[in-house]
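Asks: The structure follows.
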Ligand SMILES: NC(=O)c1ccc[n+]([C@@H]2O[C@H](COP(=O)([O-])OP(=O)(O)OC[C@H]3O[C@@H](n4cnc5c(N)ncnc54)[C@H](O)[C@@H]3O)[C@@H](O)[C@H]2O)c1
């Protein structure tokens, strides 16, 4: 069902935290409506559908299953926004519905990470290709206006006159995920390395890649990484996690890393070294989520820090209102000097990403980020886990990558034992 279409009806699978981000971003997306939501919990689907209708981005209905959404002729594309451990079952249901003639789709977009490990990510790609679907890997940071504009200008002026950049740094840090399943290595696929370094390695690679050049312009050759559990294995913090999850999350026995660092060495087409340095943590207690990126070249540099970009508010100690996330995602305080991220859906890149995915699907063209990119990101992350476990630099691609499952995802990682 490819070819040029006028308007794209989209169904959302998962109506949780990121589902709401995507729906709100649709205010900046043209030629498309959010027409359906499926969620494991019906109440979240109802809330997400009401949000879509309420802000005027589509008369979204709650569907009983993924298959029903595939079967509905008004739905042309699906966005997979459910937890990591549901990826394969959802993609298999989509493939089965299409292959048994229940309905047709143009494309499918999937949140990060594409899979919990390389085998799962590759399975997602295989199923999408087998059904002849266009596929988009949802890596919002590549579409953040600061990244897009900064990269364009830096390459057009600094790199054109003095040579390409050689080092990109990216960090994503906050004080810990909002739902218990993220904390469990087996459900999520790992700890913060899997959860957030997927963003950092990809946005840093993107910044180092010449504008318009394919991914193959840079070849990964080595990965060196370190992981640790700096905060959440301390008994009083482990007790907090247990209390928030009815005892399911046990960081004394089965922690996941809350800090990770990786160096990915690339070669460009002339054989020159290009370096990505990524660091992520769930133990950063600042105002809220902080994304930082840097790109360094021979005569220029660029820096982005999402907490420095917008207005700053000050509240005296007399202002002691309710806790919330009205200033910034993963907000940690309501008093003192606080930064505001004024338009999170746009500034984090969701608007640009969804606009691009919709326009690509309408034109019948593959988006700039596909499931193949998601596979490569997963392979880099799995190599980083191998490096951290073996405490050595790993030549890329390492043997056994396709079947590798990190110790933390097997429930066997505990640095204190
Ligand atoms: N791009 C980003 O920065 C970003 C941010 C947050 C989350 N994410 C990713 O988005 C995905 C969802 O994260 P979240 O924070 O929204 O989680 P969440 O737990 O807040 O929401 C998950 C939603 O999926 C639903 N769900 C669970 N199992 C399902 C199934 N089998 N079929 C359909 N729906 C199901 C739940 O009912 C819930 O509505 C994860 O893969 C996560 O890694 C990306």
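Asks: Pick from 203, 18, 147: which residue has the top mean-square fluctuation in a GNM of the chain where Cα pairs under 10 Å get a spring?
Replies: 18
Asks: Which residue, 307, 142, 337, has the most motion in a Gaussian network model of the chain that connects Cα atoms within less than 10 Å?
Replies: Taking springs between Cα atoms under 10 Å, the residue moving most is 337.
Asks: Two-decimal Rg/Rh of the chain from alpha-carbon positions, Kirkwood Rh?
Replies: Using Cα coordinates only, the ratio equals 0.95.
Asks: Quick check: from the Cα gyration tensor, does segment 221-360 come out rounded (a/c under 1.5), prolate or oblate?
Replies: oblate
Asks: Another question, then. Can you put 178, 199 in order of Cβ neighbours within 10 angstrom, beginning with the fewest?
Replies: Ordered from fewest to most neighbouring Cβ atoms within 10 Å, 178, 199 come out as 178, 199.
Asks: From the helices alone, meaning DSSP H stretches of at least four residues, give me the mean residue ellipticity at 222 nm for the chain, per-run term -39500 (n - 2.57), in deg cm²/dmol to the nearest 500.
Replies: The per-residue figure over the chain is -10000 deg cm²/dmol.
Asks: How many angstrom separate the Cα center of segment 1-70 from the Cα center of segment 197-227?
Replies: Segment 1-70 and segment 197-227 have Cα centres spaced 31 Å from each other.
Asks: Within 10 Å of each residue's Cβ, count the other Cβ atoms and sort 46, 379, 216 from fewest upward.
Replies: Fewest to most other Cβ atoms nearby, the residues stand as 216, 46, 379.
Asks: Continuing with this model, one more query. Kirkwood hydrodynamic radius of segment 306-417 from all distinct Cα pairs, in Å?
Replies: For segment 306-417, the Kirkwood estimate is 18.6 Å.
Asks: What order do you get for 68, 89 when you list them from fewest to most C-beta neighbours inside 10 Å?
Replies: Fewest to most other Cβ atoms nearby, the residues stand as 89, 68.
Asks: May I ask what percent, to the nearest 5, of DSSP beta bridges between residues of the chain are antiparallel?
Replies: 55
Asks: Counting residues in segment 126-238 as N, plug N into 2.2 N^0.38 Å and put the Cα Rg over that result.
Replies: It is 1.35.
Asks: How big is D, in µm² s⁻¹, for segment 72-200 by Stokes-Einstein at 10 °C and 1.306 mPa s if Rh is the Kirkwood radius over C-alpha pairs?
Replies: 93
Asks: In a Gaussian network model over the chain where Cα atoms closer than 10 Å are linked, find which of 230, 125, 187 has the largest mean-square fluctuation.
Replies: Sorting by GNM fluctuation, first place goes to 230.
Asks: When the Debye formula is applied to the Cα atoms of segment 98-166, each taken as the same point scatterer, what base-10 log of I(q)/I(0) results at q = 0.23 Å⁻¹?
Replies: Log10 of I(q)/I(0), two decimals: -0.96.
Values in this text are rule-based calculations from the coordinates and carry no lab data. As the structure is a prediction and not an experimental result, all values here were calculated from the model. Neighbour counts are summed over all protein chains in view; Cβ atoms, including those assigned to glycine, are modelled from backbone coordinates with ideal geometry.
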